[in-house]
Amino acid sequence: MTLAEKIISKKMGREVVAGETVEVDVDIAMTHDGTTPLTVKTFEKIADKVWNPEKVVIVFDHNIPANTSKAANMQVLTRNFVNEQGIKNYYKGGEGICHQLLPEKGHVLPNTVIAGGDSHTCTHGAFGAFATGFGATDMGYIYAMGKTWLKVPETIRVEVSGVNERIYGKDIILKTCKEIGRSGATYMALEYGGNAVKNLDMDDRMTLSNMAIEMGGKTGLIEADDTTYEYLALAGVNSSKIAELKKERLTSDYYDEKIQNDAYHGVLEFDITDMEEQVACPHHPDNVTDVSNIKGLEINQVFIGSCTNGKINDLRVAAKYLKNNEVHRNVRLIVIPASKAIFNQAIAEGLINTFVDAGAMICTPGCGPCLGAHQGVLGDGEVALSTTNRNFKGRMGNLNSDVYLSSPAVAAMSAIKGYITNEHEKY
Ligand SMILES: CC(C)[C@H](C(=O)O)[C@@H](O)C(=O)O
Ligand code: SF4
């Protein structure tokens, strides 16, 4: 069986296989400032009280502080809902991006079902949770009833081997997007494994899971292991709960030759040993090339942040290259830690000083320029290099601009040179 089938089977208390439609209980439901108002509209047609206020998490992250009265009014509506419903897990802005906060605050556990009113909810698959995004209508129903229907997805196994210190989770997932394509995993689960995935820390594993949706994937799963349990302990999950999770650990049957061929829709295998850093070109995250093919392309904005690459290790890597260097005169560098905890850690380690000294602008933890609403909208003809997950036409607020995607390492090196590059004196 695949990991997706095993997680849902465990939830259902019976064996289920891909293709079956089931009704599952949801363990955690999340919406943010962008999706709560429409969720509430549906919810109010069905119920007066959310099914379980302890299991609902509401985060202000997309448009904070509000830049228009419309955005501010959406936040007023959301705050009123939170207070009426007695929702304790409420992050009122500045605490971070929902997909970062949920695991950081211990809301994400292996073998659970997580429903989020945001397409990148698949990020939590990195913890072995069946986590997926829903539209506001479905979220309204989930807030009322605490359950949803799902078709148990087929799975594509992504098996990555090799060792290469220049290659990060972002390079691995961009390469995966290139190979699978924008709709190659529609309504499927991706299951990442192999020694190159096993060697990644949770920050980089979350980067892999985060971009499953860019291939149409329902979720991006990684089986829980000691790296996962260590993260959970730091997130405040108590030791008896972790012991229980270890006992109930689910693993996929990928390495069982007898089962492998039947259970998986497909397998993508690659080795990172000789791989180059990857860059996604406009206007889709599957339009990916080796950095050497695009080297020298001039850029005007670099954004290091988002739910894909705003984590502490991302900032450490970027600071390593930016230390004692200056951002190129034609480039704006915007750095946004993905959460308050990461921001504080980055201050403590001197990373923020490094960024400021290099000429970066630092903004409040949140989505920032990722979706083009504010904080870093591009001008006509401008080119951005961003560590985010999407480079659709107009994504950064201007249809006459181009967005390229890369890892924080390539983004930092390029910010200094003023063009896309993987060259730096520290290499
Ligand atoms: C605004 C929100 C609904 C959207 C999503 O669901 O993904 C956003 O987070 C994005 O990344 O485009
Ligand atoms: S950081 Fe970007 S991709 Fe992530 S939730 Fe926010 S807008 Fe969506």
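Which trypsin sites (Lys or Arg not before Pro) does segment 67-113 hold that lie in a coil by DSSP with at most 11 other beta carbons within 10 Å?
Lys88
Rounded if a/c is under 1.5, else prolate if a/b beats b/c, else oblate: with a ≥ b ≥ c from the C-alpha gyration tensor eigenvalues square-rooted, which is segment 221-375?
Working: a/c = 2.49, a/b = 1.38, b/c = 1.81.
It comes out oblate by the Cα gyration axes.
Pull up the cross-link candidates among the lysines for Lys151, meaning alpha carbon to alpha carbon under 19 Å and not fewer than 8 places away within one chain.
Those lysines meeting the cut-off are Lys6, Lys10, Lys11, Lys218.
Apply the Karplus parameterisation 6.51 cos²θ - 1.76 cosθ + 1.60, with θ equal to phi minus 60°, to every residue of segment 329-346 and state each ³J(HN,Hα) to the nearest whole Hz, in sequence, with x for glycine and proline.
5, 8, 10, 9, 10, 10, 10, 9, x, 6, 7, 5, 4, 5, 4, 4, 5, 5
Aspartates and glutamates within cross-link reach of Lys247: Cα-Cα under 13 Å, excluding same-chain residues under 8 positions apart?
Output for Lys247: Asp225, Asp226.
If packing is taken as the average count of other Cβ atoms within 10 Å, what order do 291-302, 265-276 fall into, highest mean first?
Going from most to least packed, we get 291-302, 265-276.
Quote the relative contact order of the chain in percent (integer), defining contacts as alpha-carbon pairs under 8 Å separated by 6+ residues.
17 percent
Grab the beta carbon distance between Asp290 and Lys393, set R0 = 25 Å, and tell me the FRET efficiency rounded to 0.05.
Here the calculated transfer efficiency is 0.60.
Enumerate the amide H contacts of Met361 below 5 Å, restricted to partners 5 or more residues apart or on another chain; note that Pro and chain-start residues carry no placed amide H.
Long-range HN contacts for Met361: Leu333, Ile334, Val335.
Multiply the residue separation of Leu234 and Val356 by 0.36 nm, subtract the distance between their alpha-carbon atoms, and state the gained length in nm to one decimal. Write down the numbers at each step before the final one.
Numbers: separation 122, 0.36 × 122 = 43.92 nm, distance 2.88 nm.
Taking Leu234 through Val356 to full extension adds about 41.0 nm, to one decimal.
Show me, for segment 104-120, the HN-Hα J-couplings you get by feeding each phi into the Karplus relation (A = 6.51, B = -1.76, C = 1.60, θ = phi - 60°), rounded to Hz, glycine and proline as x.
So the J values, rounded to whole Hz, are 4, 8, x, 7, 9, 10, x, 6, 9, 10, 10, 10, x, x, 6, 5, 8.
Please give me the summed charge of the neighbours of Ala115: other residues whose Cβ is under 11 Å from its Cβ, Lys and Arg +1, Asp and Glu -1.
Values: positive: Lys55, Lys147; negative: Asp25, Asp27, Asp118, Asp138.
Its environment carries a net charge of -2.
Relative contact order for segment 145-215: what is it in percent, counting Cα pairs under 8 Å that are at least 6 residues apart?
Contact order relative to length: 46 percent.
Would you mind putting 357-366, 239-248 in packing order, based on average other-beta-carbon counts within 10 Å, highest first?
Answer by packing, highest mean first, reads 357-366, 239-248.
With a cut-off of 8 Å between alpha carbons and a minimum separation of six or more residues, what is the relative contact order of segment 59-184 in percent? Intermediate values should be presented prior to the final figure.
On the way: 102 pairs, mean separation 18.9, N = 126.
Here the relative contact order equals 15 percent.
Give me the number: length gained by fully extending Lys323 to Ser69, i.e. 0.36 nm times residue separation minus the C-alpha to C-alpha distance, one decimal in nm.
Values: separation 254, 0.36 × 254 = 91.44 nm, distance 3.90 nm.
Computed gain between Lys323 and Ser69 is 87.5 nm.
When a/c is below 1.5 the answer is rounded, else prolate if a/b is larger than b/c, else oblate, so apply that to segment 220-285 with a ≥ b ≥ c taken from the square roots of the Cα gyration tensor eigenvalues. Could you put the intermediate results ahead of the total?
Working: a/c = 2.64, a/b = 1.38, b/c = 1.91.
Because a/c hits 1.5 or more and a/b fails to exceed b/c, segment 220-285 counts as oblate.
For the chain, with the dipole built from +1 on Lys and Arg beta-carbon atoms and -1 on Asp and Glu ones, taken about the Cα centre, which of Ala318, Thr273, Gly106 lies farthest toward the positive end?
Gly106
Taking K and R as +1 and D and E as -1, what net charge do the other residues with C-beta under 9 Å from the C-beta of Val158 add up to?
-3
Once you list every other residue whose beta carbon is under 10 Å from the beta carbon of Asp25, what net charge do they have if Lys and Arg are +1 and Asp and Glu are -1?
Overall, the nearby charge balance is +1.
In nm, to one decimal, how far is the Val163 label point from the Ser183 one, both placed 7 Å along Cα→Cβ?
4.2 nm
Structure shown: which of Lys178/Lys198; Lys49/Lys92; Lys92/Lys311; Lys49/Lys70; Lys45/Lys147; Lys170/Lys426 lie over 24 Å apart, alpha-carbon to alpha-carbon?
On the way: Lys178/Lys198 21 Å; Lys49/Lys92 21 Å; Lys92/Lys311 20 Å; Lys49/Lys70 26 Å; Lys45/Lys147 16 Å; Lys170/Lys426 20 Å.
Where the Cα-Cα span goes over 24 Å, the pairs concerned are Lys49/Lys70.
Along the Cα→Cβ direction, 7 angstrom out, place labels at Glu257 and Asp201. What is the inter-label distance in nm?
3.8 nm
Any chance you could check the Cα centroid distance between segment 245-316 and segment 56-92 for me, in angstrom?
32 Å
Modelling each spin label as a point 7 Å along the Cα-to-Cβ direction, I'd like the Lys49/Arg249 distance in nm, to one decimal.
Here the answer is 4.0 nm between the modelled labels.
None of the figures in this text is laboratory data; all of them are computed from the coordinates on show. Predicted model only: the values in this text are computed from it and were never measured. Methodologically, a virtual Cβ is constructed for each residue, glycine included, from the backbone with ideal geometry; neighbour enumeration extends over all protein chains shown.
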